[in-house]
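Written out below as structure tokens is the structure these notes cover.
The values are calculated or read from the model by the stated rules, or taken from the named source; none is laboratory data. If you're wondering where the values come from, they're calculated on a predicted model, not measured in any experiment. Methodologically, a virtual Cβ is constructed for each residue, glycine included, from the backbone with ideal geometry; neighbour enumeration extends over all protein chains shown. Side chains are part of the model used for accessible areas, which takes the heavy atoms of the whole protein and leaves out ligands, DNA and RNA. Shrake-Rupley method; radii C 1.70, N 1.55, O 1.52, S 1.80 Å.
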Amino acid sequence: MRLRVGLTGGIGSGKTTVGARFAENGALLIDTDELAREAVAPGSDAFHRILERWPAARAAAESLDRSALARIVFGDAAQLAELNAIVHPFVRRRAMELEAASAEHDIAVHDVPLLFETGYDRLCDATVVVIADPAVRIARTIARSALSADEVHQRMTRQIEPERAAGLATFTVHNDGTLDELRQNADAVWGQLQRLARQG
Ligand code: ATP
């Protein structure tokens, strides 16, 4: 592995689509959301610590009610920080293990919804943010999830302002056109990432 890339974008921005395109182009794609779910799997250390701290997040059959947990901690910065302190170290350790196990890839792309907010960007050699019009993002998200426009809006307010993210990121991918155009924009950034990896 020569280059570790952090990929982010607000809810409904097209981040997953860009990550998939990078993977088609040859990147190792690491989905940190998936690793966060793995972190809290029944029986894990984090699972026990979370249920001890937030008993109301216990669902039937010894599992974790992630929506209930989200409702509790998302309204409270201190509790969210406590939860992150339990989950993030596991996610980062696993992400690095996955990288080490796929050393034949030149570029590893870590899909991280809260890349800058959590400081994960500091582990990366380069960062990519996907930007799209907020109204389009809300429409795309409610079309494919059970979330209401209000809930999507609420989640958007917990994420860094897209303009700020674009200012911090190494590269920006715009997604205000068709899916084909999105893939073309992603490919252009992929070319730049390859150049960086070669300079490595
Ligand atoms: P989330 O943060 O909610 O997981 P995301 O940023 O990962 O979202 P995607 O999953 O890539 O975004 O895209 C959200 C939805 O919008 C998907 O169904 C995707 O196919 C669609 N989509 C993304 N970009 C476009 C586009 N330019 N034109 C049409 N549909 C699009």
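Backbone N atoms of region 1-25 closer than 18 Å to the 7 Å Cα→Cβ label point of LEU114 belong to residues 6-13.
Extension gain for ASP76 to ALA101 (0.36 nm times residue separation, less C-alpha to C-alpha distance): 5.3 nm.
With the alpha-carbon atoms of region 35-104 aligned to their principal axes, the span from lowest to highest coordinate is 44, 29, 17 Å, starting with the largest. Across the chain, the mean sequence separation of Cα contacts (distance under 8 Å, 6 or more residues apart), normalised by length, yields a relative contact order of 38 percent.
Please arrange ARG92, ARG53 by accessible surface area, largest first, computed with a 1.4 Å probe and ligands excluded. Before the final figure, lay out the partial values.
Details: ARG92 60, ARG53 95 Å².
Correct descending sequence by accessible area is ARG53, ARG92.
Once you reduce region 169-200 and region 86-125 to the center of their Cα atoms, the two points are 19 Å from each other. Computed with a 1.4 Å probe over protein heavy atoms only, the accessible area of HIS105 comes to about 40 Å². Normalised by the number of residues in region 1-103, the average gap of Cα pairs under 8 Å and 6 or more apart makes the relative contact order 30 percent.
Annotation note: GluC sites (Glu not before Pro) in region 8-68 located in DSSP loop regions with a Cβ neighbour count of at most 15 within 10 Å are GLU62. Per-residue accessible area (protein heavy atoms, 1.4 Å probe) orders ARG49, ARG140 as ARG49, ARG140, starting from the largest.
Taking each DSSP H run with n ≥ 4 as -39500 (n - 2.57) and averaging over every residue of the chain yields -17000 deg cm²/dmol at 222 nm. Accessible area per residue for the chain is 53 Å², calculated with a 1.4 Å probe on protein heavy atoms, without ligands, DNA or RNA.
How many percent of the accessible area of the chain is carbon or sulfur, using a 1.4 Å probe? The C+S portion of the solvent-accessible surface of the chain is 50 percent.
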